[in-house]
Structure formats: structure tokens, C-alpha cells
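Comments concern the structure below.
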Amino acid sequence: MQGTSPGAGHIFISHSTRDMDSSLRVCAHLETSGLRCWMAPRDIRPGSDWAEAIMMGIADARAMILLLTSSSNQSAQVRREVEHAVNAGVPIIPVVLEGAEPSMALRYYISAHQWMEAPEGLTDAFLGTLAGSLREPASRTAEAPVPPEAASAPRQPAAPVPAGSPGASNQQGAGSRRRASRLPRIVLIVAVMVVIVFALLFIRKVSEVRRGLGLANRQAESGDWPAALRTLEEMEGNRAADSLRQRLLLQGISESHRMALDAPRQEGEAARRRWAALLALLQEYASDYGLDGEQELELTWTLGEALSALGAHSDAGDVYMEIVWNDDLEHAREQACVMACRSYQRAFDQEEGIDSAEVRALQLEALEILAEEHPESEHILPLAMDAARQCLATGFPDDALRLAIPLYESSPEPVIRSEAALIASLALEALGDGERAAEWLLRAQLEQEQDPGQT
């Protein structure tokens, strides 16, 4: 590294590309204050090796400003720049924006450095303080500061005072008393000023939060849920704003669900837009808070309804299977199995490009769990028959046979037994077992003869 005196080298600005606007603002203010800055990609010459240019930019720097945000926390490039600055002995000034907490990797390198918090963002006052700190000498002498008037006036030789005389001790004692009396007053003034500044910042912050909460409530009352949520997102990290955001998100889901249930009475695109709006709110809630647990069961059903209404039947089936697999929601498992089976059946009928084998496997898993845990359920027989027909029609003869034989053996109705035997015969024929196919065809005919009303 070249010299680290205040006049030598430049200020290297380490930032995430997502924070380019903030880094350009810092750079512009420092350069207006007479400090040279270096930042990528502005100072990388066309055709130069990117990594080499950044390494040289750090090596020639007298200090590094690290813009610490949620984006730079996740940036491997920023972490490498900080590591190289530490190895090169370049002083680092972390500037904390958005209340970001450094990742463990960054904390390892910057824990020994003095951070600068910017709770109000990159204001002119904050940038002025930052520029002032970079203009200060890197080291300070231990000597007491000399008043300007004393520094400019020519020194007059003092009359010698004999050592040990009363005059000598009086002079020394008076000087010490004057310095001691000034120090507490200066400390008190500085402390009062700091308290006032922090009080003003706190009042300003509280006022901003109240305005934001009021605006979000008004937007929600008008039905503009996305706008209300965006307003609260800008105050992320504030406990009151986070609590209100969750409450408004739940209210928005409830109101949108009520409107979406009326959507089928409308025509075409209007109905689709209502379900799409509900789905967006549900997905946002799932992303931020999750959908696990008893208290979220209602939201999970709503999510399945929204996906089905928008034609994403296989996704709806997957949502219902999450309930089936959740041991804490055992009381809802029967209905979840039914909804999953129906959703997967619709997926085969209406969706294109689905993974047929995976969807079929999940459908049969739901049906098997339903039959095992609720053998008396009235839904088993119709769901199994529909699945057997569909398996045969969509090229899954093994599964069709596996469903048809138990249906034949368990049903007392000749019409059901006849159709099940016919499905088994056709499945065996598709599998190349002609002899058994003929046997099951004969059984189908015998069952048909027992039901004269069947054609």
C-alpha cells in the first residue's frame, strides 16, 4: 500500500451493484469536498482486467468506505474487497444503511473498526460528517491543542522563575485549575448537544412512523391492499409497522377471498383478476410468515381454492398434500385427501405439460391414505372409479389394474363390479396378458347379466 497520510491516495468505495445510487451519491459528495474517490465500474478502464483493477484500486487507497446494506451483506465481491483491504492494512469505515446487520463473514473483518450509522439515510449532514472524518489526520499527537491566537502570535521569552520559588508553584497551580475548570463545561455542552440531536432524530422518526401507519390504514380502508403493504415495507424493521403489515395482509386475504367467491357470477377476465389478486396476497403471506400449523389451515385451503380457480390444479393438489402429510392436522386429512385426488384428476383433464408420472403417484398416494385411514368414507368409491378410468385412458394400465381389482372385490353393486372387471380386462390386454384379460371380460359380462338395466 502507498502512503496513508491524509493527502495521499484515494477513497475506495466498496458497494453492491444493487446500491449503485447510494454509492454514486457518496462519491459525488466526497469529491465535491475535495477528496478523490475510486469505485467500480466507473474507474475501471475499458479492456482492463476487472479483478486486477479492483485489487490495485484497494492497494492505492488510503481508506475504504464499506456501504453496508442487505445487498452488500450477500455479495461475495464485497466480502473479497473487504478481506483484501484488511490484508493490505487499508483503514475501513463501515457506513450502515437501512439498519443492516453485517453477516458473520463481514463481521469477522470489520468488528475492530468504528462504524458510522446512517439511520436517516445519506443526508447532506451525514455525508458532511463522513467527509470531515476522512479529512482528519490518521494519527494525532498527544500534545494539548494550541489556541489559534497563541499559534499566530510571536512567542515572547518568559521571565525566568527560580525553581522552588512560590511564584513558580503558583503559576503551575493556576494553569492546572484553569484547564480543569474548562474541561467539565466543555464535556457538559457536548453531552447536551448530543442529547438534543438524538432527541430530534427520535421525534422525527416517530413522526415518520405515525404518518406511514396512518397512510397504510387509509390505503387498506380504500381496498388498495398492495399499496398499503408497499407503504409498510418501506418501514421494515419497525415493530408497529411489521405487526400492522401482518394484520393488513390477513385482512386483505379475507376480503379478497370473499370477493373472489363471488367472481364465478361474473364473466371471464374480471373473475380471473380477483383470484389472481388473492393468490398474490397468499403467496406474499406464505413467503413472509409461512403456512404451517393449525392456525394457518384456513389459509392453506384458500390457497388451494385460488390455484384451482386459476387452472393450476396440480399445484392445488400439492397444497392439499401438504395438509395430508402434516401429522398436526390429522383431523383435516380426510378432506385434504379428497381435494388432492380431485385436483390431480382435473390436472390430467385440463393441464398441459404436467409431470404425469409424479402427479399420478401423488393422486394414488392420497387415495390409498384415504382408504387406509377412513375406509367407510363415501368418497372412496367414486374417486377410485374415476382414477381407474383415467389411469386406463392416460396410459397407466398397471395403476388401472391395481385400482380395478379391489373395486370389483369390495363393491356389492353389479354395475360397479361390471365396470371394474371391464377396466381390469382392458388393462391386462394393454399389458399383454390376453388370457387373464379374457377371464376378466367374462366376469364383466356375468355382472352385466345380473343388472338388466345396464347396457
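Somewhere in the stretch 261-283, is a residue over 22 Å from Leu370 (Cβ atoms), in contact with a Phe, Trp or Tyr (Cβ under 8 Å, 6 or more places away or on another chain) and at pLDDT 85 or above? Looking through the stretch 261-283, at least one residue is over 22 Å from Leu370 (Cβ atoms), in contact with a Phe, Trp or Tyr (Cβ under 8 Å, 6 or more places away or on another chain) and at pLDDT 85 or above. Applying the set (1) of a type outside the set (Phe, Trp, Tyr); (2) surrounded by 10 or more Cβ atoms within 10 Å (Cβ to Cβ); (3) modelled with pLDDT of 80 or more; (4) farther than 30 Å from Ala277 by Cβ to Arg177 leaves exactly one unmet item: (3).
In the stretch 117-124 there is at least one residue that is of a type outside the set (A, V, I, L, M), on the phi > 0 side of the Ramachandran plot, outside any helix (DSSP H, G or I) and free of Cβ contacts under 8 Å to residues at least 60 places away in the same chain. Which count do you get for residues in the stretch 209-219 that are surrounded by 14 or more Cβ atoms within 10 Å (Cβ to Cβ) and either touching a strand residue (DSSP E or B) at 6+ places or on another chain (Cβ under 6 Å) or free of Cβ contacts under 8 Å to residues at least 24 places away in the same chain (or both)? Adding up the residues that qualify gives 2. If the condition is being among the charged types (D, E, K, R) and assigned to a strand (DSSP E or B), then the stretch 58-73 contributes only Arg62. Contact annotation: residue pairs with Cβ atoms under 8 Å, 6 or more positions apart or on different chains, pairing a residue in the stretch 388-400 that is within 18 Å of Ile416 (Cβ to Cβ) and open to solvent by less than 30 Å² (accessible area, probe 1.4 Å) with a partner that is in a helix (DSSP H, G or I) and β-branched (Val, Ile, Thr), are Ala388/Ile423; Ala400/Ile423. The sole residue among Leu106, Leu201, Leu183 that is open to solvent by 70 Å² or more (accessible area, probe 1.4 Å), part of a helix (DSSP H, G or I) and at pLDDT 50 or above is Leu183.
In this structure, is Ala271 in contact with a Pro (Cβ under 7 Å, 6 or more places away or on another chain) and either outside any helix (DSSP H, G or I) or open to solvent by less than 60 Å² (accessible area, probe 1.4 Å) (or both)? Judged against the criteria, Ala271 is a match.
Within the stretch 24-38, identify whether any single residue is in contact with a strand residue (DSSP E or B) (Cβ under 9 Å, 6 or more places away or on another chain), aliphatic (A, V, I, L, M) and assigned to a loop (DSSP other than H, G, I, E, B), and answer yes or no. Yes: one or more hits. Of the residues making up the stretch 74-103, those that are in a helix (DSSP H, G or I), under 29 Å from the mean Cα position of the chain (by Cα) and surrounded by 18 or more Cβ atoms within 10 Å (Cβ to Cβ) are Val78, Arg79, Glu81, Val82. Kindly evaluate Ser243 against the criterion of being farther than 28 Å from Ala125 by Cβ and part of a helix (DSSP H, G or I). Answer is yes for this residue.
Please tell me if Ala61 is exposed (fewer than 14 other Cβ atoms within 10 Å of the Cβ) and hydrophobic (A, V, I, L, M, F, W, C). So Ala61 fails the test.
Quick grid of which residues meet (1) at pLDDT 90 or above; (2) under 24 Å from Ser418 (Cβ atoms); (3) open to solvent by 20 Å² or more (accessible area, probe 1.4 Å):
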| residue | (1), (2), (3) |
| --- | --- |
| His313 | yes, no, no |
| Glu322 | no, no, yes |
| His331 | no, no, yes |
| Gly353 | no, no, yes |
| Leu367 | yes, yes, no |
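Working carefully through the options Pro375, Pro382, Pro412, find the one that is in a helix (DSSP H, G or I) and open to solvent by 60 Å² or more (accessible area, probe 1.4 Å).
None of the other options fit; the residue is Pro382.
Residue pairs whose Cβ atoms lie under 8 Å apart, sitting 6 or more positions apart in sequence or on different chains, and linking a residue in the stretch 235-248 that is open to solvent by 50 Å² or more (accessible area, probe 1.4 Å) to a partner that is at pLDDT below 80 and in a loop (DSSP other than H, G, I, E, B), are Asp242/Glu236.
The values are calculated or read from the model by the stated rules, or taken from the named source; none is laboratory data. Computed from a predicted structure; not experimentally measured. Every residue, glycine among them, receives a Cβ derived from its backbone with ideal geometry; neighbour counts consider all protein chains shown. Side chains are part of the model used for accessible areas, which takes the heavy atoms of the whole protein and leaves out ligands, DNA and RNA. Shrake-Rupley method; radii C 1.70, N 1.55, O 1.52, S 1.80 Å.
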